[in-house]
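A.B. asks: Got a structure for you, questions after.
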């Protein structure tokens with residue numbers, strides 16, 4: 001028995017993937033900076049992204065450079081959590097994974113069992129330029145016999161003003177400046193992001209490791225950064241933010257569930273009032289094909305046929321549309337719940353509290369009687 005216990009404990013320590021479950025499909029390398037302008041160890045970093053709906057513990061996963069050479073793989077300690085749709089950055093000073101500034105190198109993410117999850121290779125570097133799956137080399141300078149200014153990296157190109165709907169059509173990494181109203185506050189739903197709507201569309205704004213912006217619903221702001229296109233969403237990587245001080249009340253529009261949901265409805269606020277299809281499972285229910293994801297909200301009971309009213313953010317993830325409620329209410333339609341409501345509805349308002357109190361006292365007395373019988377029965381057996 002002791003040997004089995006020892007094996008179990010060793011497994012929990014050295015095989016965290018078994019304890020927490022591998023999530024290879026949702027973990028990716030987001031970006032990395034191989035040649036920082038300042039100190040190499042503290043300035044050089046690698047950022048991972050978690051595209052899952054839940055927080056992920058990457059204990060036991062490994063970060064490495066080029067295979068069969070270079071630095072020793074770095075194993076993430078337990079716990080190392082990446083929030084849902086969030087990122088995690090680690091510097092070379094911590095990981096001891098040093099990326100080459102010349103001659104090329106690669107960044108690799110390995111599962112606890114050594115399987116390759118993601119890899120980005122590069123041949124050359126440019127000081128201060130971060131790399132990702134789209135940017136794997138410095139910009140090429142145009143060949144010309146006439147004098148011209150050298151091309152700049154996209155991060156140095158001045159941001160231009162766009163509407164959100166137009167910004168989503170731009171190339172990955174394009175610098176933009178958006179003006180709109182905050183519809184979901186920082187960390188209100190997901191960590192490290194908030195949501196902006198300018199009337200033409202909505203967008204997720206990612207502030208990453210920057211200080212959490214002090215914003216409230218309805219704040220009008222101008223935010224600049226790079227447009228980034230992920231698997232299921234478009235996101236603005238925030239670089240600068242300015243409050244304009246023109247606030248307005250945030251409103252929810254009714255969502256027509258009988259019509260096909262369109263991409264321009266994503267990351268905007270909507271309201272539904274429908275019956276639930278199926279029971280609550282993993283804190284989610286379905287309403288006419290739309291997933292209602294309550295995430296961390298406390299929903300104790302919700303069954304097929306119950307009435308649900310919810311106001312929230314429309315999102316698309318895992319090839320499915322979902323509404324993440326910011327506020328909600330529901331009316332249970334199960335036989336017991338309906339019977340209790342009918343009894344209360346038949347009584348005058350002044351008697352409803354008395355009825356509820358009577359039910360409470362009866363329940364307490366029933367528990368006392370059961371406890372007394374158990375005590376007396378236990379006493380007889382002792383004698």
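No lab work stands behind these numbers, since they all come straight from the coordinates. Fair warning: this is a prediction, and the values are worked out from it, not measured in the lab. Reconstructed Cβ throughout: ideal geometry from the backbone, glycine too, with neighbour counts over all protein chains shown.
A.B. asks: How far apart, in nm, are the 7 Å Cα→Cβ label points at residue 209 and residue 316?
C.D. replies: 3.2
A.B. asks: On to the next question. Students often check this: by mean Cβ neighbours within 10 Å, which of 245-257, 84-96 ranks highest, and how do the rest follow?
C.D. replies: Put in order of decreasing packing, that is 84-96, 245-257.
A.B. asks: Follow-up. How high is the FRET efficiency between residue 327 and residue 222 when r is their beta carbon distance and R₀ equals 22 Å, given to the nearest 0.05?
C.D. replies: With R0 = 22 Å, the Cβ-Cβ based efficiency is 0.20.
A.B. asks: Given q = 0.22, 0.29, 0.32 Å⁻¹, what are the Debye log10 I(q)/I(0) values for region 170-210, with equal point scatterers placed on the Cα positions and solvent ignored?
C.D. replies: The computed values of log10 I(q)/I(0) come out as -0.78, -1.07, -1.12.
A.B. asks: List, largest first, the extents of the alpha carbons of region 215-338 along their principal axes, each in whole Å.
C.D. replies: Sorted from largest, the Cα extents of region 215-338 read 55, 31, 27 Å.
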